[in-house]
Amino acid sequence: MDHEFKVDMNEYLPLRDVVFNTLRQAILTGELKPGERLMEIQLANRLGVSRTPVREAIRKLELEGLVVMIPRKGAVVAEITIKDLEDVLEVRGALEVLAVQNACANITEKQLQELKDAASEFKRALSGGDLVECVQADIKFHEIIYGATNNQRLLQLLNNLREQMYRYRMEYLKDKRMYKTLVDEHDAIRKALKKHDPEKAGNAVRIHIENQRKCIIDSLTTEKA
């Protein structure tokens with residue numbers, strides 16, 4: 001294990017939470033890879049902390065499903081499985097279709113402009129090749145839509161799902177062949193919202209998520225072949 005973790009020592013957070021956030025981000029970005037062992041002593045040395053906050057962080061990561069405990073092996077970064085992907089995208093699909101249809105009725109001109117700017121920012125990020133920047137730009141595009149729903153409960157559910165989606169977004173955006181498709185799909189969603197057409201907007205989101213599902217499954221299948 002040879003990682004250079006970026007530790008954000010937030011003075012308002014307990015050390016265990018700082019370690020948790022650091023390890024969590026390393027897993028979500030792929031710095032800690034699926035199947036990789038998390039050895040407390042090495043992680044503690046790398047982070048410059050004692051083993052106790054590392055142990056507590058690993059327990060929290062296990063509760064989130066990002067880490068699994070394997071007999072005689074210990075803590076291991078959870079694999080990205082097709083079943084997990086299907087489950088998460090099934091929920092995301094239902095929530096995002098509802099969100100974009102609600103947004104059709106509520107989105108303002110200001111939000112439409114923000115969405116157009118976010119789409120352009122996403123396109124620029126893709127050309128830059130920084131994967132984390134691409135993911136953040138993609139998240140920003142979708143969160144503008146969420147904010148236009150005027151439904152705080154729906155917004156909360158989508159925010160809870162965001163972190164589970166992060167790993168899958170990373171996998172999807174590794175495939176540069178899909179970049180033009182992604183830009184076109186964002187454009188289709190944006191245009192449907194501009195026309196306040198819930199049927200077209202819902203269909204555009206369904207296509208967007210289905211293409212993501214197929215792409216990641218192909219990637220996971222190829223890796224295991």
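In the P(r) worked out for the chain, what percent of Cα pairs fall beyond 20 Å?
Across the chain, Cα pairs with separations above 20 Å total 63 percent.
So which of Lys33/Lys116; Lys180/Lys214; Lys110/Lys140 end up more than 27 Å apart, counting from Cα to Cα?
Lys33/Lys116
In whole Å, what are the Cα extents of segment 1-129 along the three principal axes, biggest one first?
Per principal axis, max minus min of the Cα coordinates gives 53, 35, 31 Å.
Could you sort 195-206, 59-70 so that the peptide with the highest average Cβ count within 10 Å comes first and the rest follow in order?
195-206, 59-70
Only four residue types carry charge here, +1 at the Cβ of Lys and Arg and -1 at the Cβ of Asp and Glu. Report the dipole size of segment 31-106 about the Cα centre in Debye, rounded to the nearest 20.
Dipole magnitude for segment 31-106 comes out near 520 debye.
Would you kindly find the accessible area of Asp130, with a 1.4 Å probe and non-protein molecules such as ligands, DNA and RNA excluded, rounding to the nearest 10 Å²?
Accessible area, nearest 10 Å²: 70 Å².
Hey, any idea what % of the chain's accessible area is carbon plus sulfur with a 1.4 Å probe?
50 percent
So what is Rg over Rh here for segment 30-80, counting just Cα atoms and using Kirkwood for Rh?
Rounded to two decimals, Rg/Rh equals 0.94.
With charges set only on the Cβ (+1 for Lys and Arg, -1 for Asp and Glu), what does the dipole of the chain come to about its Cα centre, in debye to the nearest 20?
The calculated dipole for the chain is roughly 160 debye.
In square angstrom, what is the accessible area per residue of segment 60-114 with a 1.4 angstrom probe?
On a per-residue basis, 55 Å².
Could you compute how fast segment 65-150 diffuses translationally, taking Rh as the Kirkwood radius over C-alpha pairs and applying Stokes-Einstein at 20 °C with viscosity 1.002 mPa s? Give it in µm² per second.
139 µm²/s
Please give, to one decimal in nm, the separation of the simple spin-label points placed at Glu56 and Asn150, each 7 Å out from Cα toward the Cβ.
Those two pseudo-labels are separated by 4.4 nm.
Between Rg and the Kirkwood Rh of segment 149-225, both from Cα atoms, what is the Rg to Rh ratio?
1.03
Would you compute, from DSSP H runs of 4+ residues alone, the mean residue ellipticity of the chain at 222 nm, taking -39500 (n - 2.57) per run and dividing by the full residue count, rounded to the nearest 500?
-24500 deg cm²/dmol
Along the charge dipole of segment 1-132, which of Leu28, Gly74, Gln113 sits closest to the positive end, that is, farthest toward it, with unit charges on the beta carbon of Lys, Arg, Asp and Glu (+1, +1, -1, -1)?
Of Leu28, Gly74, Gln113, it is Gly74.
The values are calculated or read from the model by the stated rules, or taken from the named source; none is laboratory data. The shown structure was predicted, so the numbers you read here are calculated from the model rather than taken from an experiment. Backbone-built Cβ (ideal geometry, glycine too); neighbour counts: all protein chains shown. To get the accessible areas, we keep the full protein, side chains included, count just its heavy atoms, and leave off ligands, DNA and RNA. Shrake-Rupley method; radii C 1.70, N 1.55, O 1.52, S 1.80 Å.
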